[in-house]
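Asks: Dropping a structure here in structure tokens format, bear with me for questions.
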Amino acid sequence: MPFQLSSLPPLHAVFQPIVQAESAEMLGYEALIRGPAGSPYASPEALFQLAQNPAGTIALEMHAARTALAAWGALDLPGKLFLNFSPLTLRHLLAGRGNGLSMLIGAGISPTRLVVEVTEQTPIGDAASFGQAMAVLRELGMQYALDDFGTGHANLDLLAQLSPQFVKIDKSLIRGIASCSRRLEILRGVLRMMGAFGGRVIAEGVEDEEELAVVRDLGVAGAQGYYLGRPETEPPAQAGMHVRRVLTSRQIAVFPQMVRSGWSGITAGRLLRAAPAVLPGTANDDVLRAFQSQPELQAVAIVSEDQKPLAIINRQSFMDRYAAPFHRELYGKKACITLANREPACFDLHAGLETMTQILAGENPRSLADGFVITSQGRYMGLGTGADLVRAITEIRMEAARYANPLTFLPGNIPLNQHIDRLIEAGNAFCACYVDLNHFKSYNDKYGYWEGDEMLKGAAAILTEACDPARDFLGHVGGDDFLVLYQSADWSVRVGAAIRRFNDAARDMYTPADRAAGGIHAEDRNGQPAFFPPVSMAAGVVRVEAEAVSGLRRAGSQRIGAAAAAAKHEAKRAANGLAVLDFRALAGRLPA
């Protein structure tokens, strides 16, 4: 039986708020259609299942739009109306320069207040032709949004073809963003793209205060979700007090940090050195002449006629053999393959550094000494050296350590400085707490590095528990030094509890005999024997008031770090391990 509008149950429209993240004002409302409450058609999914063919889908969507427009006209709401249409219906309405859409809307709303939201109801088809059809909306003075970006048909190709004024990020990418660094990085990427296109981003599915604070600080234009307001027939004309409190607060969100391994982007091709290759029958004397004429040459590859790698000859081992008595007379005219390493490590140009490291670690150690062969589609391209590989691994690990400490996986110096810069930019008061462990070196020297690392990890765990993850940022500066950036009002309670917990836990890590003796005998930093009490925690806190923040635009993170370090030295001399200083009192003693 064909679809008939007359067979539909009574429909009504509800409107869900979309709030501007920067100002807490209403950006607009998304119109949603509903059937009778408590009926099988209460949800839009059940309603649209009634349309059994394209013609039925178009008729139902147009009826839903008329219902929403009529309800909107009876309300005195600020901002824009976001009205949903599928690609199928939009193609129909935009044919003939958009006459169908203009007639549907009528005079009930100004075109400048209407945002057409492209939904996933039907496939888009050819993106280029759909983009041409959507261009008519601009001519009509309307804006449009791409819905549910990050799922289904809402892909990058469509974004490039349409250049919408708004992109609505699907709730699956927003949910848990306050604790998921990968979702945060995806949203950052979309914001960069939309900034290049001149468009704005709306985050859907915001469910709590932490998610709202994160999307606000990332720079989204608008936020939508149950935390900001549920769909209602008569929604409020302004955001709730709890929403305005979050959006107008000077407190910044704590972004989840991604642990950077440094492996990505480093390939065998980056380590490639051009080096000559010889055939298996080449005489050893000819290889000797190649090494003698090219002092920088570390190895020579042996390849087949079709350039497939067969073996490798290392310069040092080859020259050492020639230094032996009668070696040249015995082997000089023989084929070089007889003295070569016939099982060289081989990597494609695109092999990742992590893969190379894992394979070479399991090979004969000779692989690192001889070097390795680099190929493209199985054909010889050049060589890599073990020294270059070790250097690359060292460099990326040093770079990664600037972002995250390899022992505790806490953020390193770069994320710490970035967070301080965000605090200064927000103009919010905060406390910088520099934590250091007294007498840690003596414990580390006597009990060993493994036990020392366990103590550092324990300190990191205790400090983590002393932070509110939504407000406070904990980083590992290096060694036994940590920095906590507190926005929590009860920071003093948190710091005091952390000191007591750590001191008790550290004392338990000593042997019973050392605990009974009250400490250990070890060498001091000058190599002299000394007695050291158990390791304890010292925390130097610098209070940075909002008034002091305004003068820190330049080199702010360095000045805060220097002030916190000065407070730490005071704390190490304090009996209770805690010193609290005011930044303004310290400012005159800090380097400019």
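The values are calculated or read from the model by the stated rules, or taken from the named source; none is laboratory data. The structure displayed is predicted, hence computed values, not measured ones. Glycine gets a Cβ as well: all are built from the backbone with ideal geometry, and neighbour counts include every protein chain shown.
Asks: Condition check: at pLDDT 85 or above, in contact with a Leu (Cβ under 9 Å, 6 or more places away or on another chain) and not small (Gly, Ala, Ser). Does residue 373 satisfy that? First the steps, then the outcome.
Replies: Details: at pLDDT 85 or above: yes; in contact with a Leu (Cβ under 9 Å, 6 or more places away or on another chain): yes; not small (Gly, Ala, Ser): yes.
So residue 373 passes the test.
Asks: Only residues that are among the β-branched types (Val, Ile, Thr) and either more than 27 Å from residue 456 (Cα to Cα) or in contact with a strand residue (DSSP E or B) (Cβ under 6 Å, 6 or more places away or on another chain) (or both): list them for the stretch 414-442, please. Before the answer, list the steps.
Replies: In the first step, residues of the stretch 414-442 are kept if they are among the β-branched types (Val, Ile, Thr); the result is 414, 420, 424, 435.
The answer is 424, 435.
Asks: Continuing with this model, one more query. Which of the residues belonging to the stretch 373-393 are of a type in the set (Gly, Ala, Ser) and part of a strand (DSSP E or B)?
Replies: 376, 382, 384
Asks: Please state which of the following conditions residue 344 fails to meet, knowing it meets all the rest: (1) of a type outside the set (Gly, Ala, Ser); (2) modelled with pLDDT of 90 or more; (3) under 16 Å from residue 379 (Cα atoms).
Replies: Residue 344 satisfies all of (1) of a type outside the set (Gly, Ala, Ser); (2) modelled with pLDDT of 90 or more; (3) under 16 Å from residue 379 (Cα atoms) except (2).
Asks: Within the stretch 282-293, identify whether any single residue is closer than 24 Å to residue 352 by Cα and assigned to a loop (DSSP other than H, G, I, E, B), and answer yes or no.
Replies: No, the conditions are met nowhere in the stretch 282-293.
Asks: Sticking with this structure for a sec: Determine which single condition residue 305 fails, assuming it passes every other condition in (1) exposed (fewer than 14 other Cβ atoms within 10 Å of the Cβ); (2) without any contact (Cβ under 8 Å) to a residue 60 or more places away in the chain; (3) closer than 18 Å to residue 375 by Cα; (4) touching a strand residue (DSSP E or B) at 6+ places or on another chain (Cβ under 8 Å).
Replies: Going through (1) exposed (fewer than 14 other Cβ atoms within 10 Å of the Cβ); (2) without any contact (Cβ under 8 Å) to a residue 60 or more places away in the chain; (3) closer than 18 Å to residue 375 by Cα; (4) touching a strand residue (DSSP E or B) at 6+ places or on another chain (Cβ under 8 Å) one by one, residue 305 breaks only (4).
Asks: If the requirement is being surrounded by fewer than 15 Cβ atoms within 10 Å (Cβ to Cβ) and not aliphatic (A, V, I, L, M), which of these qualifies: 200, 230, 175, 216?
Replies: Unique residue meeting the criteria: 230.
Asks: With respect to the numbered conditions (1) in contact (Cβ under 8 Å) with a residue 24 or more places away in the chain; (2) over 20 Å from residue 572 (Cα atoms); (3) assigned to a helix (DSSP H, G or I); (4) of a type outside the set (Val, Ile, Thr), which one is the sole condition not fulfilled by residue 513?
Replies: Of (1) in contact (Cβ under 8 Å) with a residue 24 or more places away in the chain; (2) over 20 Å from residue 572 (Cα atoms); (3) assigned to a helix (DSSP H, G or I); (4) of a type outside the set (Val, Ile, Thr), only one is false for residue 513: (1).
Asks: Out of 137, 75, which single residue is of a type outside the set (Val, Ile, Thr), surrounded by fewer than 19 Cβ atoms within 10 Å (Cβ to Cβ) and touching a Phe, Trp or Tyr at 6+ places or on another chain (Cβ under 8 Å)?
Replies: Selected residue: 75, the only one of 137, 75 that is of a type outside the set (Val, Ile, Thr), surrounded by fewer than 19 Cβ atoms within 10 Å (Cβ to Cβ) and touching a Phe, Trp or Tyr at 6+ places or on another chain (Cβ under 8 Å).
Asks: Select from the stretch 523-542 the residues that are surrounded by 17 or more Cβ atoms within 10 Å (Cβ to Cβ) and outside any loop (DSSP other than H, G, I, E, B) and list them in ascending order.
Replies: 532, 536, 537, 538, 539, 540, 541, 542
Asks: Output the residue which, of all residues in the stretch 404-438 that are surrounded by fewer than 19 Cβ atoms within 10 Å (Cβ to Cβ) and closer than 24 Å to residue 535 by Cβ, is nearest to the chain's Cα centre (by Cα).
Replies: Across the stretch 404-438, the extreme among qualifying residues is 409.
Asks: Among the residues of the stretch 430-437, are any over 13 Å from residue 561 (Cα atoms) and in a helix (DSSP H, G or I)?
Replies: no
Asks: Now for a separate question. Taking the stretch 477-501 on its own, how many of its residues are modelled with pLDDT under 95 and buried (at least 16 other Cβ atoms within 10 Å of the Cβ)?
Replies: 1
Asks: Is there a residue being among the aromatic types (Phe, Trp, Tyr) and surrounded by 15 or more Cβ atoms within 10 Å (Cβ to Cβ) anywhere in the stretch 443-451?
Replies: Quick first cut of the stretch 443-451, residues among the aromatic types (Phe, Trp, Tyr) only: 443, 447, 449-450.
Then keep just the ones that are surrounded by 15 or more Cβ atoms within 10 Å (Cβ to Cβ); that gives 443, 447.
There is at least one residue in the stretch 443-451 that is among the aromatic types (Phe, Trp, Tyr) and surrounded by 15 or more Cβ atoms within 10 Å (Cβ to Cβ).
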